[in-house]
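Encoded as C-alpha cells, the structure appears first; notes follow it.
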Amino acid sequence: MSIEHVIKRIAIFGSTGSIGIQALEVIQSNPDKFSVEILTAFSNDELLVQQAKKFKPNIVVIGDEKKYKAVQDALSSEDIKVFAGENALEEVAGMDCYDLMLAAIVGFAGLKPTLKAISTGKAIALANKETLVVAGDIVMNMAVENRVPVIPVDSEHSAIFQCLVGETRNRIEKVILTASGGPFLGRKTNYLVNVKREHALQHPNWRMGAKISIDSATLMNKGLEMIEAKFLFNLDPDQIQVVIHPQSIIHSMVQFEDGSIKAQMGMPDMKLPIQYALAFPKRIANDFPRYNFRKVHTLTFEDPDLRTFRNLALAMDALNKGGNLPCVMNAANELAVFAFLRNRIGFLEITDVIEKTMEKVSFIEEPTLEEYFDSDGEARNYAADIMKL
Ligand code: NDP
Ligand code: MG
C-alpha cells in the first residue's frame, strides 16, 4: 500500500460542538482517507452516542461524569470503550490508537488533553485557540521538542499557514488578520449597553458555538487570534495587524520583506480550514460553494474601532506585555462570557470584568505551566467575585 492510501486515524476532542460536527461531515465524505478513533463531549450525551453509533470509534469520553451510565448503556451493544471525567479526557489523549487530534474543545478545558497529545507525539489540528492564548510558549516548545506539527483550524491562521507554504526561508514582515467586525460593526457604546444575548449570538457570516460568537461580537475573538498568531508563527506583536473586512472573503494575509502580500480567499465556510488541517499537506477535492468574483464584487476594509470595542485594546495590551497576562485575560473573559450568556451581566460589563481582573492578578514574566494554571484559577476567582457569581 502506498503512503497516500494510509488512513489517518483521527481523535476529535469536542466532537459535539460546531467544529466537531463539521469535522465529522468532512470525514464522512472521505472514508478512504480518515477513520474516527476517539470522540469526546462534555454534557451532550445524546449527540455523542449518535455520533459513536455512526462512526464506530474505539473510544468515547463524556466529560460530565453524571452522564457516564447513560452513554455506557446506550453503547453497550457496540465495541466501543466508554470513559468519563476530566482526567479521562487527558488519559485518552495519551493513547496510541490515533495519529491526529482535532483539538475542538472550547476554552481552557482543552489545554490539558492537547498537551498530553503533543507529549505523546500526536499531530494537532488546532481549533481551540485558548490553548495558545493561555500557554502558547509552553505548547509550541513542547511541539518542537516532540516534532509534532500544530496545524491551525482557525480560518485566519489557516489562511496564513497556507500563504506560508513554500516560504520557509523567507522572513515575514507582517501578517494581516481580517475580522468581519461581528454583528455590531459600526455600533457605538450607547447601542451596545442594551445588547442582549440573542442579538449578540447572531453572527452575520459564520454559525459557531456560543462562546466564540460572543467573542466575535466583542472583538475579543480577534484579540485572542492575535495572540494565537504570535505563538503559531513566532511573531513579534508589532508584526500582527488587524483589519475589518465585513465580507469575510479574504481570510487573512501575509506581507513579506519585499512588500509582496499573499492572501488566502474563499467562501466563509469552516469546513475548508478543517479539511485542510486534517488532510495537510494534501488538498482534497470537494463540492463546497465557490466564491464568485462576479457576484460579490465589493470587498471593503477599515480599521477596528478600539474605543468602542475595548476588549480588542485589552487583548493588544496582553499581547504586548506577554507573561501570564493573556492567560489572566482569557480566564476573566471565559467567565464574563459565561455570565453574559446567562443574563447575569450586561454586554459592556464583560470588558469591565476583564480589565479589573487584568489589573488585579500579579504579573509573572515567564510563568511555568503550574503558574499558568494558578493564574487561571486566581483570575477566575477574582472575576467571579466582581460579578457576584
Ligand atoms: P462549541 O461550544 O460549539 O463546542 C465545544 C465542544 O467542547 C463541545 O463538544 C463541548 O461538549 C465540548 N466542551 C465544552 N466544555 C468542555 C469541558 N469543560 N470539557 C470537555 N469538553 C468540553 O464550540 P466551537 O465548536 O464553536 O469551538 C470550539 C473551539 O474552536 C473554540 O476554542 C473556538 O474558539 C474554536 N473555533 C471555532 C470556530 C467555529 O466556527 N465554531 C472557528 C474558529 C475557532 P458539549 O457539546 O457536550 O457541551
Ligand atoms: Mg477565526
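The values are calculated or read from the model by the stated rules, or taken from the named source; none is laboratory data. Remember, predicted model here, so these are calculated numbers, not experimental data. Positions of Cβ are backbone-derived with ideal geometry, glycine not excepted, and every protein chain shown enters the neighbour counts. For the accessible areas, the whole protein counts, side chains as well, though only heavy atoms, and no ligand, DNA or RNA atoms are used. Shrake-Rupley method; radii C 1.70, N 1.55, O 1.52, S 1.80 Å.
Inside segment 158-188, can you point out the residues that are outside any loop (DSSP other than H, G, I, E, B) and either touching a helix residue (DSSP H, G or I) at 6+ places or on another chain (Cβ under 6 Å) or loosely packed, with under 12 Cβ neighbours inside 10 Å (or both)? It would help to see each step written out before you state the result.
First pass over segment 158-188, keeping only residues outside any loop (DSSP other than H, G, I, E, B): 158-164, 172-179.
Of everything in segment 158-188, those that are outside any loop (DSSP other than H, G, I, E, B) and either touching a helix residue (DSSP H, G or I) at 6+ places or on another chain (Cβ under 6 Å) or loosely packed, with under 12 Cβ neighbours inside 10 Å (or both) turn out to be SER158, LYS174, VAL175, LEU177, ALA179.
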Output the residues belonging to segment 242-265 that are in a loop (DSSP other than H, G, I, E, B) and more than 18 Å from LEU164 (Cα to Cα). HIS245, PRO246, GLN247, SER248, ILE249
Quick test of your reading of the structure: GLN202 fulfils all but one of (1) in a loop (DSSP other than H, G, I, E, B); (2) surrounded by 16 or more Cβ atoms within 10 Å (Cβ to Cβ); (3) without any contact (Cβ under 8 Å) to a residue 40 or more places away in the chain. Name the failing condition by number. (2)
Restricting to segment 125-154, and then to whatever is buried (at least 24 other Cβ atoms within 10 Å of the Cβ) and under 23 Å from GLU173 (Cβ atoms), can you tell me which residue is nearest to ligand 2 (Cβ to nearest atom)? ASP154
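I'd like to know if segment 106-118 contains one or more residues that are under 23 Å from TYR372 (Cβ atoms), within 16 Å of ligand 1 (Cβ to nearest atom) and touching a Gly at 6+ places or on another chain (Cβ under 6 Å). Walk me through it before giving the result.
First, pick out the residues of segment 106-118 that are under 23 Å from TYR372 (Cβ atoms): 106-118.
Add one more test, that the residue is within 16 Å of ligand 1 (Cβ to nearest atom), and what stays is 106-117.
Subsequent filtering for residues that are touching a Gly at 6+ places or on another chain (Cβ under 6 Å) retains 106, 116.
Within segment 106-118, one or more residues are under 23 Å from TYR372 (Cβ atoms), within 16 Å of ligand 1 (Cβ to nearest atom) and touching a Gly at 6+ places or on another chain (Cβ under 6 Å).
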Cβ-Cβ below 6 Å, separation at least six or inter-chain, first residue in segment 70-98 and on the phi < 0 side of the Ramachandran plot and free of Cβ contacts under 8 Å to residues at least 12 places away in the same chain, second open to solvent by 10 Å² or more (accessible area, probe 1.4 Å) and β-branched (Val, Ile, Thr): which pairs? GLN72/VAL82
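Which one of ILE151, ILE172 is β-branched (Val, Ile, Thr) and more than 25 Å from LEU102 (Cβ to Cβ)?
Values: ILE151 fails: more than 25 Å from LEU102 (Cβ to Cβ).
Selected residue: ILE172, the only one of ILE151, ILE172 that is β-branched (Val, Ile, Thr) and more than 25 Å from LEU102 (Cβ to Cβ).
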Could you grab me the full set of residues in segment 271-318 that are in the same structural domain as VAL195 (by TED's automatic domain parsing), in a loop (DSSP other than H, G, I, E, B) and surrounded by 16 or more Cβ atoms within 10 Å (Cβ to Cβ)? PRO304, ASP305, THR308, PHE309
Whichever residue in segment 194-241 is of a type in the set (Lys, Arg) and within 13 Å of the chain's Cα centre (by Cα) and, among such residues, is farthest from CYS163 (Cα to Cα): LYS211
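When you check ILE10 against the structure, is it in contact (Cβ under 8 Å) with a residue 60 or more places away in the chain, touching a helix residue (DSSP H, G or I) at 6+ places or on another chain (Cβ under 8 Å) and assigned to a helix (DSSP H, G or I), yes or no?
Numbers: in contact (Cβ under 8 Å) with a residue 60 or more places away in the chain: yes; touching a helix residue (DSSP H, G or I) at 6+ places or on another chain (Cβ under 8 Å): yes; assigned to a helix (DSSP H, G or I): no.
Criteria not met by ILE10.
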So, in segment 336-375, exactly how many residues are in a helix (DSSP H, G or I) and open to solvent by less than 30 Å² (accessible area, probe 1.4 Å)? 13
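Test of understanding: among ASP238, ASP215, which residue is at pLDDT 95 or above, more than 16 Å from ligand 2 (Cβ to nearest atom) and either surrounded by 17 or more Cβ atoms within 10 Å (Cβ to Cβ) or over 20 Å from LYS271 (Cα atoms) (or both)? Reasoning before the result, please.
Values: ASP215 fails: more than 16 Å from ligand 2 (Cβ to nearest atom).
Being at pLDDT 95 or above, more than 16 Å from ligand 2 (Cβ to nearest atom) and either surrounded by 17 or more Cβ atoms within 10 Å (Cβ to Cβ) or over 20 Å from LYS271 (Cα atoms) (or both) holds for just one of ASP238, ASP215, which is ASP238.
Taking the criterion of being within 16 Å of ligand 2 (Cβ to nearest atom), surrounded by 18 or more Cβ atoms within 10 Å (Cβ to Cβ) and assigned to a loop (DSSP other than H, G, I, E, B), would at least one residue in segment 67-82 satisfy it? Steps first, answer last, please.
Here is the first cut: in segment 67-82, the ones within 16 Å of ligand 2 (Cβ to nearest atom) are none.
There is no residue in segment 67-82 that is within 16 Å of ligand 2 (Cβ to nearest atom), surrounded by 18 or more Cβ atoms within 10 Å (Cβ to Cβ) and assigned to a loop (DSSP other than H, G, I, E, B).
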Can you list residue pairs whose Cβ atoms sit under 6 Å apart, with the first residue in segment 149-172 being under 13 Å from ALA279 (Cβ atoms) and within 14 Å of ligand 1 (Cβ to nearest atom) and the second being of a type outside the set (Asp, Glu) and open to solvent by 30 Å² or more (accessible area, probe 1.4 Å)? Count only pairs 6 or more apart in sequence or on different chains. ILE151/PHE280
For LYS112, all conditions in the list (1) in contact with a helix residue (DSSP H, G or I) (Cβ under 7 Å, 6 or more places away or on another chain); (2) open to solvent by less than 60 Å² (accessible area, probe 1.4 Å) hold save one; what is the number of the exception? (2)
Give just the number: which of (1) in contact with a helix residue (DSSP H, G or I) (Cβ under 7 Å, 6 or more places away or on another chain); (2) away from ligand 2 (no atom under 12 Å from the Cβ); (3) of a type in the set (D, E, K, R) does LYS122 not satisfy? (1)
Within segment 83-109, residues being assigned to a loop (DSSP other than H, G, I, E, B) and in contact with a helix residue (DSSP H, G or I) (Cβ under 9 Å, 6 or more places away or on another chain) number 7
